[in-house]
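Only one structure is covered here, and it is reproduced in the block below.
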Amino acid sequence: MRHLRWFAMVADELNVTRAASRLHLAQQAVSAHIRHLEQVLGARLLIRTSRGVELTAAGKELAAGTSKVLDDLAELATRVREADEGRRGRLRLLCKPHATYEFAGRSPRRWRARYRGWPSS
């Protein structure tokens, strides 16, 4: 994820130094991660120029898909944390006919109020 985030910042800035500054990192660290990403993907992503960088065709392709992938990963991380905290999943209540309205009627509303986004059915 970090490689993709850093690449996305470089692609946005078209300048490794500015991207590194925005990321609060050393330029060398960002460059090294981009080179590693290029090795892993087996494709050159950037053309370094005296003014900054230009995206190759492969770099443009990666940049186009990176934001969606990062958004999906962030959403997945949120769901994983919610599951770990017990705030994700389905709660089913089974009440016998003699259960009181206090429990059967109000408890689901209390759960939904406590755990925002809890499904209503």
| remark: Ignoring ligands and nucleic acids, His36 exposes an accessible area, probe 1.4 Å, in Å² to the nearest 10, of 90
| Can you pull the accessible area of Lys60 for me, 1.4 Å probe, Å² to the nearest 10? | 130
| field | Spin-label pair Arg51/Arg22, simplified geometry with 7 Å Cα→Cβ offset, distance in nm | value | 1.8
| request: Using Cα pairs closer than 8 Å and at least 6 residues apart in sequence, work out the relative contact order for the stretch 1-60, in percent. | output: 30
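The values are calculated or read from the model by the stated rules, or taken from the named source; none is laboratory data. What you see is a predicted model, and the numbers here were worked out from it, not measured in a lab. Note that each Cβ is placed from the backbone with ideal geometry, even for glycine, and that neighbours are counted across all protein chains shown. Side chains included, ligands, DNA and RNA excluded: accessible areas come from the protein's heavy atoms. Shrake-Rupley method; radii C 1.70, N 1.55, O 1.52, S 1.80 Å.
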